[in-house]
Amino acid sequence: MTVNKTKIARLILGDQLNSNHTWFETVQENVTYIMMEVRTETDYAIHHIQKVVGFFAAMRFFAETLRINNHNVIYLELNHKDNKQSFGANLEVLLSNGNFTHFEYQQPDEYRLDKILETFATQITIPTKVYDTEHFFTTRNELGTFFEGKKMYLMESFYRAMRKKHDILMDGTNPTTGQWNYDADNRKKLPKDHKPTAPMVFNNDVSDIVEMIFKTDCKTIGTIEAKQFLWPINREQTLELLDFFVTECLPLFGTYQDAMTPNEWSLYHSRLSFSMNIKMISPSEVVHRAIKEWEKHPETIEYNQLEGFVRQIIGWREYMRGIYWLKMPEYNSLNYFNHQEKLPDWFWTGNTKMNCLKDSIKQSLHYAYAHHIQRLMITGSFALLAGTHPDEVDAWYLGIYIDALDWVEITNTRGMSQFADGGIVGTKPYVSSASYIDKMSNYCGSCYYNKAKKVGDKACPFNSLYWNFYDKHEDKLAKNPRIGMMYKVWQRMKPEDKEALLQQADYYLKNINNL
């Protein structure tokens with residue numbers, strides 16, 4: 001009788017908590033799963049404490065679930081005496097001490113980690129095997145193949161192709177209802193007397209992890225309720241949140257998905273991005289659960305609500321990942337406008353007199369969350385108008401949001417938000433004056449600054465900075481067909497009015513930390 005001496009070590013990263021992965025279908029005595037909390041991951045950006053805690057809590061729960069299901073698990077906590085605080089150093093010891101004959105891992109979603117593990121695999125003497133994460137609708141290279149030979153990477157084209165390929169909201173080869181995109185129906189401001197549905201939150205006690213983070217002097221930002229951690233930390237809670245979203249929020253999700261209002265941090269958003277990004281739930285499950293609810297209740301869930309949600313997941317999310325793998329690592333250093341400024345100090349405190357920024361930043365510090373329009377048209381737009389270096393903006397977004405992982409953050413931030421890629425992701429820079437913010441929010445009415453004033457005392461900074469941005473970058477933007485109208489307006493202004501706007505902007509930029 002021959003004895004199988006094969007001994008396999010399988011690494012699971014913190015964003016690979018997919019309990020439905022084929023790895024876990026059978027219990028194999030010769031397979032050991034390795035998970036670890038390491039300083040290389042906590043320290044490469046200054047993260048929100050809820051983000052670090054959320055990852056560690058979910059990882060620990062996942063590891064314990066594997067053990068309960070009789071899988072072999074090695075788990076290194078951050079403060080373990082033998083933790084060498086990097087994947088490579090820890091793996092080297094564990095593989096050697098455990099006499100493992102094979103090393104296996106799933107494809108990382110982050111370019112940085114992909115290279116670290118690729119390099120590690122070349123340095124060890126045992127065979128290595130790499131698996132797919134079995135999570136996304138697309139492969140890493142699918143978008144690149146789809147757009148091969150094209151100059152433009154239009155998300156809408158990719159989105160329609162994904163709908164067809166996966167037969168989602170389709171009637172044969174045509175879209176359900178005959179219309180692909182309902183974005184125009186999903187841009188309404190929240191009425192003043194409208195009280196949104198209160199968000200579902202959890203009460204996870206994560207005191208032990210919070211205490212460990214403080215004791216290990218791990219630098220973080222933001223606040224946390226250690227005994228009432230509100231984010232889902234396991235699949236069961238994630239499924240609860242999904243059910244809550246489709247029954248309570250989906251009926252108004254699309255209509256108000258771009259709306260902003262003080263003291264309402266969740267509105268009708270699903271807040272499933274953290275769970276999806278660490279793979280506690282798949283995008284396919286989320287999409288099909290939403291479609292099922294719409295099919296059951298078409299009288300209460302209008303189609304535009306559903307389509308807007310589906311587009312965010314199978315369109316935008318998959319598209320951003322495809323761009324990431326197509327354009328990295330060069331994407332990481334793109335700076336189309338050659339912006340060089342630092343973020344204003346109040347981005348770390350929220351202590352500014354501008355209501356929209358104060359609310360969006362303080363909410364982010366409190367909840368590790370803001371929705372896509374707050375990120376794009378408030379914090380992102382201001383950073384762009386202020387000439388902030390894309391590295392600064394990347395680091396802030398990557399750190400402050402619980403759902404921010406490099407593959408989805410950098411394409412949204414450096415690309416969509418900052419136009420630092422020169423138009424790979426977005427067809428125009430997303431900047432606005434006070435008029436857009438007032439149109440989509442209830443911020444402006446009680447603000448210290450006057451939304452209607454462009455110059456003078458208490459003039460809204462967005463107004464002069466908006467025109468200053470267009471004036472400064474006319475050589476790069478004037479021929480862009482989507483913003484040609486703005487330059488016509490600018491050119492028609494009286495010289496003295498232009499000068500007043502530019503002087504106002506200059507004053508604000510020189511005193512940016514006091515705004």
Subject >> Sole exception among (1) open to solvent by less than 50 Å² (accessible area, probe 1.4 Å); (2) more than 17 Å from residue 109 (Cβ to Cβ) for residue 68, by number >> reply: (1)
**OP:** Output the number of the condition that residue 24 fails; it satisfies all remaining conditions of (1) within 29 Å of residue 330 (Cα to Cα); (2) open to solvent by less than 60 Å² (accessible area, probe 1.4 Å).
**Re:** (1)
Original post:
Of the residues 373, 410, 424, which single one is surrounded by fewer than 24 Cβ atoms within 10 Å (Cβ to Cβ) and farther than 26 Å from residue 264 by Cβ?
Top reply: 424
Subject >> Hey, residue 62 among the hydrophobic types (A, V, I, L, M, F, W, C), open to solvent by 10 Å² or more (accessible area, probe 1.4 Å) and under 23 Å from residue 210 (Cβ atoms) or not >> reply: yes
**OP:** Identify the residue in segment 271-313 that is in a loop (DSSP other than H, G, I, E, B) and open to solvent by 20 Å² or more (accessible area, probe 1.4 Å) and, among all such residues, is farthest from residue 403 (Cα to Cα).
**Re:** 299
**OP:** Scan segment 420-430 and give yes if some residue there is of a type in the set (D, E, K, R) and modelled with pLDDT under 95, otherwise no.
**Re:** yes
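Here's the yes/no breakdown for (1) surrounded by fewer than 13 Cβ atoms within 10 Å (Cβ to Cβ); (2) within 30 Å of residue 480 (Cα to Cα):
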{"site": "74", "(1), (2)": "no, no"}
{"site": "79", "(1), (2)": "no, no"}
{"site": "87", "(1), (2)": "no, no"}
{"site": "100", "(1), (2)": "no, no"}
{"site": "103", "(1), (2)": "no, no"}
{"site": "113", "(1), (2)": "no, no"}
{"site": "129", "(1), (2)": "yes, no"}
{"site": "151", "(1), (2)": "yes, yes"}
Original post:
Looking only at segment 361-395, which residues are farther than 30 Å from residue 502 by Cβ, among the hydroxyl-bearing types (Ser, Thr, Tyr) and not in a helix (DSSP H, G or I)?
Top reply: 369
**OP:** Would you mind listing the helices (runs of 4 or more DSSP H) fully within segment 184-269 where at least 1 residues are within 19 Å of residue 286 (Cβ to Cβ) and open to solvent by less than 50 Å² (accessible area, probe 1.4 Å)?
**Re:** 235-244, 250-253
Original post:
Which of the helices (runs of 4 or more DSSP H) contained wholly in segment 109-175 include at least 2 residues that are of a type in the set (Ser, Thr, Tyr)?
Top reply: 111-123, 155-166
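The values are calculated or read from the model by the stated rules, or taken from the named source; none is laboratory data. Being a predicted model, the structure only gives us computed values, none of them experimental. Note that we place each Cβ from the backbone using ideal geometry, even for glycine, and neighbour counts take in every protein chain shown. Surface areas here come from the heavy atoms of the whole protein model, side chains and all, with no ligands, DNA or RNA. Shrake-Rupley method; radii C 1.70, N 1.55, O 1.52, S 1.80 Å.
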